[in-house]
């Protein structure tokens, strides 16, 4: 049999491969979730080898990344030597076989070694040929899909369905760093591909950094005092938050001047923190929708304007203003690249490849690469050291993919010691003041929260962590350092301070913003407001004594507002009736969540903080009494439950109640009712309460997380407890 030489697997990856193969013996399909740079493709090669040695036909598919396809197909891309002797590429940059070539390859038995056959293809090439798609769906024994999140509810999903229909014996294995697509309110999950698609294994970013599988991370948030409304396009109000990105507003010269000032902040930090020819820097710029006088004729040129102007600023060609006659170029007069260049879709492919090749060459320009809408996936450059984010994103998938660009472990001769990320953070609080009660509509609040860098980092580094042992690990111990950079009001000085993750003080501030809006509203049953405040309450955890003091102030404020609301004479009947109940429900849920955290936090136990925290919250400092405090909260929130006397009884109460409601919703869905999932909002208060009991009764978590009607915000709640 042909000998396939691959680098050896470490013990963890050996165990994961055994887990995958064992899982697929009894199941049709599954996927793993691991960060960019962890080694998904390397793992896939070893899985291919195992099936290859068993004489199987293996199909390796990528969504649209020929660069990744080449890296997997070839042992050495430059020499064009395939990794597997008995393999064929349907859509490689260097080799492209047709349907007849494929049939001869699969059906011709000229292989005395009885090894298997490996087929490499992109989804585009498969979908462009119906005969090819049908043939592959029948002949493949194993299908391995990289970046499987790109196959959700699209033509990729259709191809998987065709495989399932034509050959029930075929196994489907997917890999992803981000198992979902879209923005909050329009999220689609890998599990949506099929009822049989389940997660086999997952590992989050902070765990991989802590264990030395990814580079250490130094993340700096640069505070910009400019209002986000003055920088980005909000002409359609909060509808702007329904896309992956905010678009830069260049509708006037004044707007362009603001963007230049904002970009100059990044240039200033680059000059002081990075400016060295021993490392390379990638800048993700924001797309542009409208522009006052430049490039009106080409949408591509308008979209890439920020990347171009960013390159000009970094090359010191633009300082404060830009003349309408200014011409953007990546080249010096002698034809060599400038120190900073831009990369965008309007540049021909050949020139794009030249730019990327030069950028990956150490010690030579370009040293800085500015791009829009490119290089977020499939860009393999382990020695990349610096990343600047000028692009606010509302997609956790894009955010994680961007961060992953600098977290790969460096090559042997590299001087890289860590990944450095600098992000410009604008004034977002203005959105509450301008849009007021409209922030409660739809998924606006979740999207506003996503604009805060601290919330995204918490979701990525802590609250997306499914291993309890790592939940309370200080990020600094894991090799992750997050700083806040603020400029002085006058002069050139700035200060650095550590950033709190999870950002409890930021979340408390968010809570007060919501209460202010509610206090200035005088009608309605406040159903949306109640759900959102309850949701916010569950994110507040007393990690420190200072946090506990602030949470106690908040609880006192809720008590005062509840009392005041019961005597309020202004507003509609429903408003006066439901407003005190809102504050009451939220207050007791906040207490329940806080007590649950104090009981189960390993960090608080190790630091002997439980007693002091309870006393700070105004309770007797006896940790053995915590369950009694929790039962008091539950009795206040669930008056119809006949005041149960122990936590176990409440666990049974919630488990049974939620199961019954979900069964009704599922039944109505089977009967053909549309938008049944919307009914889940009416049981969110019960789900929020039940989420505080998951560690007491894991079956509750199973009921919530395994039901595909439960929306992502509930899954995040479960993971965060």
> Conditions: (1) in contact (Cβ under 8 Å) with a residue 12 or more places away in the chain; (2) within 23 Å of residue 532 (Cα to Cα); (3) outside any loop (DSSP other than H, G, I, E, B). Residue 553 meets all but one. Number of the miss?
Replying inline: (1)
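With respect to residue 33, is the statement that it is over 17 Å from residue 141 (Cα atoms) and either outside the structural domain of residue 126 (by TED's automatic domain parsing) or modelled with pLDDT under 90 (or both) true?
Working: over 17 Å from residue 141 (Cα atoms): yes; either outside the structural domain of residue 126 (by TED's automatic domain parsing) or modelled with pLDDT under 90 (or both): no.
In short, no.
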> Restricting to the range 251-261, what's the tally of residues that are closer than 28 Å to residue 446 by Cβ and crowded, with 21+ Cβ neighbours inside 10 Å?
Replying inline: 1
> Which members of the range 148-169 meet the condition of being part of a loop (DSSP other than H, G, I, E, B), in contact with a strand residue (DSSP E or B) (Cβ under 6 Å, 6 or more places away or on another chain) and either surrounded by 15 or more Cβ atoms within 10 Å (Cβ to Cβ) or at negative phi (or both)?
Replying inline: 152
> Here is a list of conditions, (1) touching a residue at least 40 places away in the same chain (Cβ under 8 Å); (2) part of a loop (DSSP other than H, G, I, E, B), and residue 313 meets all of them except one; can you say which number that is?
Replying inline: (2)
>> Which count do you get for residues in the range 660-710 that are outside any loop (DSSP other than H, G, I, E, B), modelled with pLDDT under 70 and within 25 Å of the chain's Cα centre (by Cα)?
In response: 7
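Working carefully through the options 366, 382, find the one that is touching a strand residue (DSSP E or B) at 6+ places or on another chain (Cβ under 6 Å), part of a loop (DSSP other than H, G, I, E, B) and under 23 Å from residue 275 (Cα atoms).
Among 366, 382, only 366 is touching a strand residue (DSSP E or B) at 6+ places or on another chain (Cβ under 6 Å), part of a loop (DSSP other than H, G, I, E, B) and under 23 Å from residue 275 (Cα atoms).
Please count how many residues of the range 46-64 are under 26 Å from the mean Cα position of the chain (by Cα) and either surrounded by fewer than 19 Cβ atoms within 10 Å (Cβ to Cβ) or over 29 Å from residue 405 (Cα atoms) (or both). Give the derivation first.
Initially, the range 46-64 is screened for residues under 26 Å from the mean Cα position of the chain (by Cα), giving 60-64.
Still in the list and also either surrounded by fewer than 19 Cβ atoms within 10 Å (Cβ to Cβ) or over 29 Å from residue 405 (Cα atoms) (or both): 64.
Within the range 46-64, residues that are under 26 Å from the mean Cα position of the chain (by Cα) and either surrounded by fewer than 19 Cβ atoms within 10 Å (Cβ to Cβ) or over 29 Å from residue 405 (Cα atoms) (or both) number 1.
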>> Of the residues 286, 266, only one is at pLDDT 90 or above, touching a strand residue (DSSP E or B) at 6+ places or on another chain (Cβ under 9 Å), part of a loop (DSSP other than H, G, I, E, B) and over 21 Å from residue 327 (Cβ atoms); which?
In response: 286
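A quick yes/no check of all residues on (1) buried (at least 18 other Cβ atoms within 10 Å of the Cβ); (2) under 26 Å from residue 367 (Cβ atoms):
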position	(1), (2)
390	yes, yes
395	yes, no
404	yes, yes
415	no, yes
424	yes, yes
429	no, no
436	no, no
440	yes, no
> Hey, residue 276 hits all of (1) modelled with pLDDT under 85; (2) over 30 Å from residue 442 (Cα atoms); (3) in a strand (DSSP E or B) but one; which does it fall short on?
Replying inline: (3)
> When both residues are 6+ apart or on different chains and their Cβ atoms are under 9 Å apart, which pairs have a first residue that lies in the range 100-118 and is surrounded by fewer than 13 Cβ atoms within 10 Å (Cβ to Cβ), and a second that is modelled with pLDDT under 75?
Replying inline: 113/1; 113/2; 114/1
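Okay, residues lined up against (1) modelled with pLDDT of 90 or more; (2) assigned by TED's automatic domain parsing to the domain that holds residue 547; (3) crowded, with 19+ Cβ neighbours inside 10 Å:
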position	(1), (2), (3)
608	no, yes, no
611	yes, yes, no
622	yes, yes, no
625	yes, yes, no
630	yes, yes, yes
653	no, no, yes
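Can you name the residue in the range 335-349 that is in a loop (DSSP other than H, G, I, E, B) and out of contact with any helix residue (DSSP H, G or I) (no Cβ under 8 Å at 6 or more places or on another chain) and is also nearest to residue 371 (Cα to Cα) among such residues?
348
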>> Residues that are modelled with pLDDT of 90 or more, at least 3 per element: which helices (runs of 4 or more DSSP H) completely within the range 468-542 meet that?
In response: 504-519, 527-537
> Quick one: is residue 618 surrounded by 13 or more Cβ atoms within 10 Å (Cβ to Cβ), on the phi > 0 side of the Ramachandran plot and either in contact (Cβ under 8 Å) with a residue 24 or more places away in the chain or in contact with a strand residue (DSSP E or B) (Cβ under 7 Å, 6 or more places away or on another chain) (or both)?
Replying inline: no
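The values are calculated or read from the model by the stated rules, or taken from the named source; none is laboratory data. Keep in mind that this is a model prediction, so the values were computed, not measured. Note: ideal-geometry Cβ built from the backbone for every residue, glycine included; neighbour counts use all protein chains shown.
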